[in-house]
Amino acid sequence: MAISIQNILITGANRGIGLALVEQYLSQSDTRVYATCRNPEGAVALNALAQADPENLQILQLDVNDEASIERAVNAIAGEIDSLDVLINNAGISGGDGARDMGQLSAAEVATVVTTNAVAPLIVTQCCRELLQNGDNPRAVMISSGLGSLARAGGNAYAYRMSKAAMNMAARVLAFDDAMAGITSVTLAPGWVRTDMGGPSANLAPEESARALLGVIERLVAADNGRFYRYDGEELDW
Ligand SMILES: NC(=O)c1ccc[n+]([C@@H]2O[C@H](COP(=O)([O-])OP(=O)(O)OC[C@H]3O[C@@H](n4cnc5c(N)ncnc54)[C@H](OP(=O)(O)O)[C@@H]3O)[C@@H](O)[C@H]2O)c1
């Protein structure tokens with residue numbers, strides 16, 4: 001009997017949670033990963049994984065803020081396979097002082113964070129829509145954050161919180177959109193994770209978060225469409 005292969009696309013896959021997700025998915029025998037990043041030549045860890053498992057891991061250049069690069073990467077995938085089962089919009093930034101702190105806010109810096117974290121994943125999802133609609137139990141996943149929850153708002157990190165709230169809304173709209181019929185759209189919060197973004201004091205190792213996220217993603221069904229879950233499966237307030 002032929003084993004059915006699951007095809008996964010992950011953005012921002014060269015470090016942090018994205019890289020850990022690639023590692024976790026590669027440890028499953030039935031998964032082919034399309035790992036995308038801005039600078040494949042500099043993606044040392046990702047290239048090492050691809051050398052060890054060239055059958056199941058392909059690296060593609062994709063800057064989420066560059067629509068031409070999104071189209072190139074998706075067209076390259078469509079030239080090889082006709083379906084994607086999981087899209088993980090993981091790439092993201094937190095921004096510097098000008099995106100964070102009252103008195104120092106810069107419109108350009110805030111806009112860059114919102115564009116990268118909210119607009120770009122929507123466009124990536126749009127580009128992957130047809131491949132996803134051919135997929136098996138297709139899932140479009142936004143890696144968001146508890147900081148994007150309006151119910152849990154706090155007095156800091158303006159651009160990041162705004163961007164993740166907008167990302168959450170994008171995932172909700174995708175869930176209701178007839179043009180996305182058949183695709184389960186969810187928002188996931190990975191926890192506080194020891195990456196360049198999360199910093200060294202965070203309570204989760206990237207592999208812990210990624211393993212738990214993979215478990216949630218693998219259990220998703222159509223009834224989860226439009227939901228917001230933490231990495232451990234707990235449902236979160238918007
Ligand atoms: N760490 C946490 O505690 C935490 C908590 C909640 C949510 N999250 C979310 O989890 C996701 C991953 O975060 P992380 O902690 O792994 O962060 P990270 O270590 O800073 O990694 C961020 C990744 O996003 C990529 N990226 C940034 N801008 C990009 C662009 N324009 N195009 C393509 N890739 C881009 C980076 O690529 P380069 O190497 O090229 O910069 C890198 O691969 C983010 O969406 C983040 O908001 C993280």
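Here, each number is a calculation from the coordinates, and none is a lab measurement. Remember, it's a predicted structure, so these values are computed and weren't measured experimentally. With ideal geometry, Cβ positions are generated from the backbone for all residues, glycine too; neighbour counts draw on all protein chains shown.
As a rough footprinting exposure proxy, the listed residues D82, D178, D237 were ranked by other beta carbons within 10 Å of their own, and the order from fewest upward is D178, D237, D82. Full extension of the chain between R230 and R152 yields a length gain of 26.7 nm, computed as 0.36 nm times the residue separation minus the alpha carbon distance.
Each of G42, V173, S106 was placed along the dipole of segment 6-230 (beta-carbon charges, centred on the mean Cα), and the one lying farthest toward the positive end is S106. Given a Förster distance of 25 angstrom, what is the FRET efficiency for R219 paired with D101, based on the Cβ-Cβ distance and rounded to 0.05? After rounding, the FRET efficiency stands at 0.05. Across segment 202-208, rounded Karplus estimates of 3J(HN,Hα) from the backbone phi angles (6.51 cos²θ - 1.76 cosθ + 1.60, θ = phi - 60°) give 4, 8, 10, 6, x, 5, 5 Hz, Gly and Pro being marked x.
If you build a Gaussian network model of the chain, linking Cα atoms that sit under 10 Å apart, which residue out of A165, A108, A210 swings the most? Largest GNM mean-square fluctuation: A108. Electrostatic bookkeeping for L147 treats Lys and Arg as +1 and Asp and Glu as -1; over the other residues with beta carbon under 10 Å from its beta carbon, the sum is +3. Note on D196 and A48: their simple-model spin labels are 1.7 nm apart, each label 7 Å out from Cα toward Cβ. Model label points for A179 and S4, set 7 angstrom from Cα along the Cα-to-Cβ axis, are 2.8 nm apart.
Springs between Cα atoms under 10 Å define the GNM used for the chain, and in it the highest mean-square fluctuation of G146, G155, G226 occurs at G155.
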